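The values are calculated or read from the model by the stated rules, or taken from the named source; none is laboratory data. For clarity, every value in this text was computed on a predicted model and none was experimentally measured. All Cβ positions, even for glycine, are placed from backbone atoms using ideal geometry, and neighbour counts span all protein chains on display. For accessibility, only protein heavy atoms count, side chains too; no ligands or nucleic acids. Shrake-Rupley method; radii C 1.70, N 1.55, O 1.52, S 1.80 Å.
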Amino acid sequence: MGKKARKGNGGVDGDGYNKNVLRQASDGIGKFKKSYKHRKNSDSQTPVIRKQVEPETAKYFSEIASLFESQGVDVEERAVICGNALEEARGKEFELATDYIISHTLQTLLDGCDVDNLCSFLRGCSNVFPAISMDRSGSHVAETALKSLARHVQDTEAYNVIEETLRMMCEMIVVNPDDLMCNCYGSHVLRSLLCLCKGVPLDSSEFHGAKASKTLAKRLNFKVSPLDGNDSQHLQQGFPNLLKFLVSGMINSTRADIKTLQVDQYSSLVLQTALKLLAGDDQELLQIIPVLLGCNKQNLVEGEFIDMTIAGEALESMKETAFSHLMEVILEVAPESLYNEMFTKLFKNSLFKLSSHYCGNFVIQALISHARTKDQEWIQPYLLSIASMAAEHVLETAKDAGGACVIDAFLASDASAKQKRRLVVKLRGHFGELAMHPSGSFTVERCFDAGSLSIREAIACELLAVRTELSKTKQGPHLLRKLDIDRYATKPDQWRSKQASKQSAYNEFYVAFGTSESPTKNKFLCDASMDISEPKELNTRKEIDSSLNSISMVDDTLAEKKKKRKKRKRDVGSEDGLGSKKVMENAVKNFLSSGSIDKKRRGASKHKLKF
């Protein structure tokens, strides 16, 4: 366990002084000190003073740790020893959990004990559970205890005792959740507790992550949120009533400090997780979201969820990083009636101002992405405006780090082939210049992937002209290798053959699996245009590239083999074409037999929105 001897007895920082549980300066919650300025009443809980761990107790747990490290305990004995040790911890849970060394031993005990001893420990420390969770070492103990509970939830006989244990913990948390929500350690524990109550895995990136990884391309595709209806594939047995009790209790207790919680990094994450877990429960969301926006009214009714007096402050808060993330989730899960009211009362006449802000623009992206009615579908005008930009503006945008992301997302979206082609051709003659910029190189790569064969060759020609200078940049070697510029310089015909072979394989693949439409109609690899798929399909393209390595190998020797082969009567057409086609067919067959294709991909095109 990497234990090291320290001065003084267990539980003391070497200088013999007791430690205050909050330790705001070192434990990452100093930021929340500002929140007290907004409180009308000083209702914080009395700080828990950490007592010194007695020498005998410290020695006992040291012996337990040594016993487990020796690997001399079988499975049956382990559960008994864990239970006895946790009995010894009764009344001293806080001191032991927050001790750097003993906390590791306590984690081992909580991981190996039965559900009765586990719940007994948590009930015994429920009054100091928030304090344990806010401690650097104690937070790991709390997380381990929650993970152990999650493993026992499916046991029907243990369900009631677990529910009662969690209820005691939740009742203590809602008394004063501010400190816990705004603590870097406590907020993580609290989010795990929320996930446990819902019945989702504690390490779920969908609900527990800082923010779901969503690209602008997905938003331009106008996809339905995966959280709608809370349709999680990994939903387990949960405690829905406790979830509502915990969330509503936290919101009601923090009304006076909501402005601080809006812009605090850690409390924002807690609120985001809570909202995602309640997605689909319109009744709860209609009461919670207005409070998060700053409304103080109670017993809200449709059409009066949002007070116009808070609009200005809410818009300003959207320029804060933490609240902009929270607002994205609010727009994602808000019931339609509330979304429509936010649309008219908060965002009307403020779209341009927010769109121009480095944080606020993400809120506008979410607003567009989760539009509920046809009256709100702004994606078409947005796409048209991108494709209609003047050539000099397109180049300027591509050189900008943020603008390059927008162009990249546009080319990866379900925008029409015609719109994409209009944008790509405006960069012709500037690809070499653009490749010299770190962010611009990604745009060049995307244009190459999305371009026609003639555009691809134009890009290769321009990069060849600056190959020496480009190879000296950080991004240059990758781009030159990815676009195969060396081959183009020495064997241009072979380079063209390789591009044509890849195109043919992609077309065959998409005919079979990607879309119900003709690939030449939907893609613009064939001097028309290619419609790059959504992120999930882009991953499949990479898999295809991997499976088609054999095509590149054949292309390298195709010219030599052609000279040596003798013509046979059964040959129809050129061997070049037949060879490439056979290689492509074999590659696709191998790809299919590998089992790496998601069968659901066959029907994916039905859900695409066509522009």
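Miscellaneous remarks
- The helices (runs of 4 or more DSSP H) falling completely within segment 297-346 that include 3 or more residues that are within 18 Å of ASP281 (Cα to Cα) and free of Cβ contacts under 8 Å to residues at least 60 places away in the same chain map to 321-333, 336-342.
- Selection from segment 391-408 of residues that are open to solvent by less than 60 Å² (accessible area, probe 1.4 Å) and hydrophobic (A, V, I, L, M, F, W, C): ALA391, VAL394, LEU395, ALA398, ALA404, VAL406, ILE407
- One residue stands out among those in segment 167-197 that are among the polar types (S, T, N, Q) and part of a helix (DSSP H, G or I): the one that is nearest to GLN237 (Cα to Cα), which is SER192.
- Checked against the criterion of being modelled with pLDDT of 50 or more and either among the basic types (Lys, Arg) or not assigned by the TED database to the domain that holds ARG136 (or both), segment 20-27 contains not a single residue that satisfies it.
- For the residues GLU302, GLU313, the requirement of being assigned by the TED database to the domain that holds LEU326, farther than 28 Å from CYS184 by Cα and charged (D, E, K, R) singles out GLU302.
- Condition met for ALA217 (surrounded by fewer than 16 Cβ atoms within 10 Å (Cβ to Cβ), within 16 Å of the chain's Cα centre (by Cα) and at pLDDT below 55): no
- Selection status of SER388, farther than 27 Å from SER356 by Cβ, of a type in the set (S, T, N, Q) and surrounded by fewer than 21 Cβ atoms within 10 Å (Cβ to Cβ): no
- Of the residues making up segment 308-326, those that are of a type outside the set (Ser, Thr, Tyr) and surrounded by fewer than 16 Cβ atoms within 10 Å (Cβ to Cβ) number 4.
Residues are listed down the side, and each one gets a yes or a no for (1) in contact (Cβ under 8 Å) with a residue 12 or more places away in the chain; (2) open to solvent by 10 Å² or more (accessible area, probe 1.4 Å):
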| position | (1), (2) |
| --- | --- |
| PRO55 | yes, yes |
| ILE64 | yes, yes |
| LEU67 | yes, yes |
| GLN71 | no, yes |
| THR98 | yes, no |
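- Taken across segment 114-125, residues that are open to solvent by 10 Å² or more (accessible area, probe 1.4 Å), closer than 26 Å to GLU157 by Cα, out of contact with any Leu (no Cβ under 6 Å at 6 or more places or on another chain) and not in a helix (DSSP H, G or I) do occur, with at least one present.
- For first residues located in segment 461-476 and open to solvent by 50 Å² or more (accessible area, probe 1.4 Å), partners that are small (Gly, Ala, Ser) and lie 6+ apart or on another chain with Cβ distances below 7 Å form the pairs LEU464/ALA489; ALA465/GLY432.
Each row is one residue, and each column tells you yes or no for (1) buried (at least 21 other Cβ atoms within 10 Å of the Cβ); (2) in the same structural domain as LEU384 (by the TED database); (3) over 20 Å from ASN507 (Cα atoms); (4) out of contact with any Ser or Thr (no Cβ under 8 Å at 6 or more places or on another chain).
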{"residue": "PHE410", "(1), (2), (3), (4)": "yes, yes, yes, yes"}
{"residue": "ARG421", "(1), (2), (3), (4)": "no, yes, no, no"}
{"residue": "GLU433", "(1), (2), (3), (4)": "no, yes, yes, yes"}
{"residue": "SER439", "(1), (2), (3), (4)": "no, yes, yes, yes"}
{"residue": "CYS447", "(1), (2), (3), (4)": "yes, yes, no, yes"}
{"residue": "ALA450", "(1), (2), (3), (4)": "yes, yes, no, no"}
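- In segment 415-460, the residues that are touching a residue at least 60 places away in the same chain (Cβ under 8 Å) and part of a loop (DSSP other than H, G, I, E, B): ALA415, SER416, GLY451, SER452
- Number of positions in segment 327-344 that are open to solvent by less than 10 Å² (accessible area, probe 1.4 Å) and hydroxyl-bearing (Ser, Thr, Tyr): 1
- Among the criteria (1) more than 38 Å from the chain's Cα centre (by Cα); (2) assigned to a helix (DSSP H, G or I), the one PHE129 does not fulfil is (1).
- Comparison of ASP111, ASP99 shows that the only residue that is acidic (Asp, Glu) and outside any loop (DSSP other than H, G, I, E, B) is ASP111.
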